[in-house]
Amino acid sequence: MLGDDIKKLGFGLMRLPKIGQDEDIEQTKKMVDLFMSKGFTYFDTAYVYDGGKSEMALKECVVDRYPRDSFVCASKLPLWNAESEEQLPLLAQESLDRAGVEYFDFYLVHSLNKDLYEKAEKLHAFSFMQKFKAEGKAKHIGFSFHDSPEVLERILTDHPEAEFVQLQINYKDWEDDVVQSRGCYETARRFGKPVVIMEPVKGGSLVTMTDEVQQLFKSVHPDMSIASWAVRFAASHEGILTVLSGMSNMEQMEDNTSFMENFRPLDEKELETVAKAVEIINAIPTIPCTACRYCVDGCPMKINIPGVFKALNHYTVYNNPEAAKKQYDRAVRDGGKASECLQCGQCMEHCPQHIDIIETLKKAPELFGE
Ligand code: SF4
Ligand code: SF4
């Protein structure tokens, strides 16, 4: 199967460490070195990640420092940025140039859902992807996806040339009615497509858990991190090409590589433990924001929406108003406050989690003041 020779942990370059507004290149290099030294090879970026700085970090930290055949890298075509078919090769070439590579091992149409798929069809995006591959600029083509199993089925039926699919899979969303991880995964596998998994820790949500959940996991494996359960759950499924983890510091890199170096799928008892954790979590209502930040760029008030939601979730899950207010203050320090939302709705068009952002933001001033 495609990806059989790739280890099941990929380095997602979406949330790299930062110094101010820029990627912390020196720290990222150290993270890359540890990752590569343990035999991991898959790097995932996209045209839109951090306005192109993620692709440039790939060049500086990996491409310029390692032989091209010692790693594989993926990037993604942003249909949001394209008004015409003619722009697609320009956007793709820009990604290649930023990353400093002649080809991507994996190239994806980014974040398809029902609406964006219509645009993809209008712009003949899949024909372009095939041409890009035929020119040797992509070894394998696929798409990342955020919608229902039915929409996925339609795309895979229309486009058998897609060689793999990237899906959001984590134990919290596995049976979730909105995200439908299990349904999407089963659809992809029915079509025989290998699956790249994104958001295995749900944007960090499955790392900071309630005491009850932490105790449950620690009672089974006292020495293993809470994140390890989520990454191992994702990687335990059959047909997985790799599991992307958007690591932001050396500590996360050390942790992830430690348990994924000699990966062992979850056994029956461990799966039961995860099911119990989900029961506990599901009893706590939180905002299902994965911090993908697709909503942020177009906000006229520059509201750090995922930062505000993180603070609200912290408030809900930990019942610690003081810590949550500090998080909120940090989140809105450099942009608009939640109370300044104009209710224009721009953000909601981009949210793959279908969050009612406008209504949810209103809770912040109620809880944290202006
Ligand atoms: S609805 Fe509010 S948060 Fe969303 S883009 Fe408009 S101003 Fe920003
Ligand atoms: S609100 Fe939606 S689009 Fe914005 S960061 Fe969260 S999940 Fe992403």
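Quick notes
- ILE303, sole failed condition from (1) away from ligand 2 (no atom under 16 Å from the Cβ); (2) touching a Gly at 6+ places or on another chain (Cβ under 8 Å): (1)
- Counting the residues of the stretch 337-359 that are near ligand 1 (Cβ under 7 Å from one of its atoms) and over 30 Å from LYS114 (Cα atoms) gives 0.
- Considering (1) more than 20 Å from LEU77 (Cβ to Cβ); (2) outside the structural domain of GLN93 (by TED's automatic domain parsing), the lone condition that LYS30 does not fulfil carries the number (2).
- Qualifying residues in the stretch 330-358 (those that are in a helix (DSSP H, G or I) and closer than 27 Å to GLN214 by Cα) - the one most open to solvent (accessible area, probe 1.4 Å): ARG330
- Total residues in the stretch 291-329, condition open to solvent by less than 60 Å² (accessible area, probe 1.4 Å) and charged (D, E, K, R): 0
- Hey, GLU279 away from ligand 1 (no atom under 14 Å from the Cβ) and within 23 Å of GLN180 (Cβ to Cβ) or not: yes
- Condition met for ASP147 (within 16 Å of the chain's Cα centre (by Cα), open to solvent by 30 Å² or more (accessible area, probe 1.4 Å) and assigned by TED's automatic domain parsing to the domain that holds PRO160): yes
- Of all residues in the stretch 110-144 being among the aromatic types (Phe, Trp, Tyr) and touching a Pro at 6+ places or on another chain (Cβ under 8 Å), the one that is least open to solvent (accessible area, probe 1.4 Å): PHE132
- Scanning the stretch 295-335 for residues that are away from ligand 1 (no atom under 11 Å from the Cβ) and aliphatic (A, V, I, L, M) returns ALA311, LEU312, VAL317, ALA323, ALA324, ALA331, VAL332.
- Options LYS276, LYS269; residue that is more than 16 Å from ligand 2 (Cβ to nearest atom), of a type in the set (Lys, Arg), assigned by TED's automatic domain parsing to the domain that holds ASP50 and in contact (Cβ under 8 Å) with a residue 60 or more places away in the chain: LYS276
- Long-range neighbours under 9 Å by Cβ, at least six apart or interchain, first residue open to solvent by 60 Å² or more (accessible area, probe 1.4 Å) within the stretch 64-81, second among the acidic types (Asp, Glu): ARG65/ASP33
- Candidate set from the stretch 184-199 (those that are within 19 Å of the chain's Cα centre (by Cα) and closer than 17 Å to TRP174 by Cβ); member that is surrounded by the most Cβ atoms within 10 Å (Cβ to Cβ): GLU199
- Residue match in the stretch 290-302 (condition: out of contact with any Cys (no Cβ under 9 Å at 6 or more places or on another chain), hydrophobic (A, V, I, L, M, F, W, C) and not assigned by TED's automatic domain parsing to the domain that holds VAL213): yes
- Qualifying residues in the stretch 214-228 (those that are open to solvent by less than 40 Å² (accessible area, probe 1.4 Å) and of a type in the set (A, V, I, L, M)) - the one farthest from LYS276 (Cα to Cα): ALA227
- Condition check for GLU359: farther than 25 Å from PRO200 by Cβ and within 14 Å of ligand 2 (Cβ to nearest atom): yes
- Against the numbered list (1) surrounded by fewer than 19 Cβ atoms within 10 Å (Cβ to Cβ); (2) more than 28 Å from PRO149 (Cα to Cα); (3) modelled with pLDDT under 90, VAL207 comes up short only at (2).
- Among the candidates THR187, THR208, residue that is hydroxyl-bearing (Ser, Thr, Tyr) and in contact (Cβ under 8 Å) with a residue 40 or more places away in the chain: THR208
Table: residues versus (1) out of contact with any strand residue (DSSP E or B) (no Cβ under 6 Å at 6 or more places or on another chain); (2) under 20 Å from VAL201 (Cα atoms); (3) open to solvent by 40 Å² or more (accessible area, probe 1.4 Å).
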| position | (1), (2), (3) |
| --- | --- |
| ARG15 | yes, yes, yes |
| GLU23 | yes, no, no |
| MET31 | yes, yes, no |
| PHE35 | no, yes, no |
| GLY52 | yes, no, no |
| CYS61 | yes, no, no |
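The values are calculated or read from the model by the stated rules, or taken from the named source; none is laboratory data. Just so it is clear, the structure is predicted and the values come from calculations on it, not from any experiment. With ideal geometry, Cβ positions are generated from the backbone for all residues, glycine too; neighbour counts draw on all protein chains shown. These area figures cover heavy atoms from the full protein model, side chains too; ligands, DNA and RNA do not enter into them. Shrake-Rupley method; radii C 1.70, N 1.55, O 1.52, S 1.80 Å.
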